[in-house]
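Okay, structure first, notes after.
Here, each number is a calculation from the coordinates, and none is a lab measurement. Please read these numbers as outputs of a predicted model, since none were measured by experiment.
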Amino acid sequence: MIFDRHQFTHRLFHSILHNHDLFDIEILLRKSSSLHHINLNRLQYNGQSLVHLCCLYNRLDLLKLFVEHGECDILKMNADGWLPIHIAVHLGHMNIVFYLLKFNSSR
């Protein structure tokens, strides 16, 4: 059970970093509605937003979930001044690069 925003944030990042199933994260996001509205753009782990972490760990499934349903900002810079697309290009995650380009052009 999640009691506060800190626990929610910890469980969410733990799920991403340890490659948990998309279903686990969808459940966490549904439970977050009971914590009032949590702005997913404000959650950070070591200077990385949720979108940056998805690019770092090549999690296109989670990236789509956060961007399309969680309204996460794909143009937010991390602590080093990198956009999510910079990370995806640097690491060669071309499926994420194409998704970010396509999503940004459709806005």
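Rounded to the nearest 500, what is the 222 nm mean residue ellipticity of the chain from helices alone, with -39500 (n - 2.57) per DSSP H run of 4+ residues and division by all residues?
Values: 6 runs with 60 residues, N = 107.
-16500 deg cm²/dmol, from helical runs alone.
Indicate the gyration tensor shape class of region 68-107 (rounded, prolate or oblate), computed on the Cα atoms with a ≥ b ≥ c the square roots of the eigenvalues: a/c under 1.5 is rounded; otherwise a/b larger than b/c is prolate and the rest oblate. Don't skip to the end; give the middle numbers.
On the way: a/c = 2.05, a/b = 1.15, b/c = 1.78.
Cα axes put region 68-107 in the oblate bin.
Based on the alpha-carbon gyration tensor of the chain and its eigenvalue square roots a ≥ b ≥ c, which shape applies: rounded if a/c is under 1.5, prolate if not and a/b is larger than b/c, or oblate? Mind showing how you got there, number by number?
Values: a/c = 1.72, a/b = 1.66, b/c = 1.03.
Prolate, because a/c is 1.5 or more and a/b exceeds b/c.
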